[in-house]
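Chemist: Below is the structure I would like to discuss, written out as structure tokens.
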Amino acid sequence: MNTKNEIPQFLLNIITMPKAGYARKLSPDERQRDAIAGSCGLTAIVAFEANIECKPWHRDGVTVSGRITADIEQACAVSLEPIFSTIDTEFSAHFVPEGSRLALPPKQVDGEIVFEFEGEDAPDILDGEEVDLWEVVLEYFNLEIDPFPRVEGQEMLVELPDEKAEEEVEEDKVSPFAILAALKRNDS
């Protein structure tokens, strides 16, 4: 089964979108949930719903915002036991067509790109006039998934070295250049 074809799409043309905006509830069927779970590295998605609102942003852009709720199952990173968790998150993103005056290059100071971490994100630039609402939802959904889930109380199987032991190991290491020099002397 090709799961890529099962992941839902919902294209919204930002040029023909109603001026009053657009609202939509996205709920994948079981086969689509299975495809999404596979693409996200999950064991299963029991429930998934996204309520989206699209509104015009400035002159030629669109704001896509909404709320994602999902019940997911993933394997413990240590024991592979199933872990069930709930995702409940809100998101907001701006999109503009290529060539929009809102798609300004990042601010630069002395040749360095400057990011304002507390400021609003720059708008995403579309390739064409359509935004795939499912792609936006799945991007924010993926950000909420714990990349290393562990069953409560589960210990790591590998003991990590302490800092003092690491320093001793560093002192005992022989330089790779010293090894090469010794090899060169032996070849002569």
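Chemist: Each residue of the range 78-94 in turn: what ³J(HN,Hα) in whole Hz from Karplus with 6.51, -1.76, 1.60 and θ = phi - 60°, glycine and Pro shown as x?
Modeler: Computed from phi, the couplings for the range 78-94 are 9, 10, 6, 5, x, 10, 9, 8, 10, 10, 9, 9, 10, 8, 7, 8, 10 Hz.
Chemist: Answer with one residue from ALA20, VAL46, ILE72: the one whose Cα lies farthest towards the positive end of the charge dipole of the range 3-158, charges on Cβ with Lys, Arg +1 and Asp, Glu -1.
Modeler: Looking along the dipole axis, the top candidate is ALA20.
Chemist: Can you list residues from other chains, or at least 5 along the same chain, whose modelled amide H is less than 5 Å from the amide H of CYS76?
Modeler: GLU81, ILE83
Chemist: With +1 on each Lys and Arg Cβ and -1 on each Asp and Glu Cβ, and nothing else charged, work out how big the dipole of the chain is about its Cα centre, in Debye to the nearest 20.
Modeler: Charge dipole of the chain: 960 debye, to the nearest 20.
Chemist: A further question follows. Using 0.36 nm per residue of separation minus the Cα-Cα distance, give me the extension gain between PHE10 and TYR22 in nm, one decimal.
Modeler: 3.1 nm
Chemist: Hey, another quick one. Which Cα, out of PRO8, ILE179, ALA37, lies furthest along the positive dipole direction of the chain (beta carbon charges, K/R +1, D/E -1)?
Modeler: PRO8
Chemist: What is the calculated FRET efficiency for CYS40 to GLU155, with r their C-beta to C-beta distance and R₀ = 25 Å, to the nearest 0.05?
Modeler: Efficiency, from the Cβ-Cβ distance: 0.45.
Chemist: How do the peptides 74-85, 49-60, 20-31 rank, highest first, by the average count of neighbouring beta carbon atoms within 10 Å per residue?
Modeler: Result, highest mean Cβ count within 10 Å first: 49-60, 74-85, 20-31.
Chemist: Here's a follow-up. Provide the FRET efficiency to the nearest 0.05 for the THR63-THR86 pair, computing r from the beta carbons and using R0 = 25 Å.
Modeler: Efficiency for this residue pair is about 0.45.
Chemist: Something else now. With an 8 Å Cα cut-off and a minimum separation of 6 or more residues, compute the relative contact order for the chain in percent.
Modeler: Averaging sequence separation for qualifying contacts and normalising by length gives 20 percent for the chain.
Chemist: Additional query: For ALA77 paired with LEU180, estimate the spin-label separation in nm (one decimal), with each label point 7 Å from Cα along the Cα-to-Cβ line.
Modeler: Between ALA77 and LEU180, the simple spin-label model gives 3.6 nm.
Chemist: How much length would be gained if the chain were fully extended between LEU143 and VAL109, taking 0.36 nm per residue of separation minus their Cα-Cα distance, in nm to one decimal?
Modeler: Contour length minus Cα-Cα distance gives 9.2 nm.
All of the numbers you see were taken from the coordinates with simple rules; none came from a lab. This one's a predicted model, so the numbers in the text were calculated from it and none came from an experiment. Cβ coordinates were reconstructed from backbone atoms using ideal geometry, including for glycine residues, and neighbour counts include every protein chain displayed.
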